[in-house]
Amino acid sequence: MTEPGREDAIARVHRELTLVGRRGTARVRRENEALSVVDRSLLTFIDEHPGCRAVDIAAHLQLNRSTVSRQLGALFGHDLVEAAAVESGGRGLSLRLTAAGRAALDASARSLLTTMTHRLGDWSEDDIERFAEMLERYNAAEE
């Protein structure tokens with residue numbers, strides 16, 4: 001059993017992470033961004049892992065393969081992703097960003113970094129570094 005103070009702190013972390021997600025979704029709608037949070041997460045994974053397959057994305061993001069397939073279908077429909085046969089002759093398709101996908105991801109990243117730079121404007125470099133390290137540690141625990 002955990003201590004009440006620890007439970008309260010974990011509940012606060014959950015509340016704040018939920019708020020970050022909700023605000024991010026609202027910002028995308030409010031600013032009429034081309035990419036949703038979901039689109040950006042898939043495009044980022046493909047960008048960081050050129051040649052990956054849908055099954056790789058599903059495993060990394062802990063999603064059902066049919067969910068990823070549906071989401072990729074929308075990205076294909078907007079010409080943000082292209083596919084080729086897997087070079088090793090394996091199953092599935094090898095995914096890569098198109099030029100339009102690269103441009104959309106870059107524009108979205110610039111927009112997000114501008115927003116984050118503004119929100120973290122009065123934080124010290126040490127605070128930002130500690131925050132980044134804590135998020136990296138938190139996300140690494142999932143892998």
Review point. Are there any pairs, at least 6 apart or on different chains, whose C-beta atoms fall under 6 Å, with the first in region 84-95 and in a strand (DSSP E or B) and the second of a type outside the set (K, R) and modelled with pLDDT under 85, and if so, which?
Key: S94/V86
Check your understanding: Just checking, how many residues over region 107-132 are modelled with pLDDT of 95 or more, open to solvent by less than 90 Å² (accessible area, probe 1.4 Å) and assigned to a helix (DSSP H, G or I)?
Key -> 4
Check your understanding: Which of the residues that make up region 18-46 are open to solvent by less than 60 Å² (accessible area, probe 1.4 Å), in a helix (DSSP H, G or I) and either among the charged types (D, E, K, R) or in contact with a strand residue (DSSP E or B) (Cβ under 6 Å, 6 or more places away or on another chain) (or both)?
Key -> R27, D39, R40, I46
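The values are calculated or read from the model by the stated rules, or taken from the named source; none is laboratory data. This one's a predicted model, so the numbers in the text were calculated from it and none came from an experiment. Every residue, glycine as well, gets a Cβ built from its backbone with ideal geometry; the counts of neighbours run over all protein chains shown. Note: areas computed on protein heavy atoms with side chains; ligands, DNA, RNA excluded. Shrake-Rupley method; radii C 1.70, N 1.55, O 1.52, S 1.80 Å.
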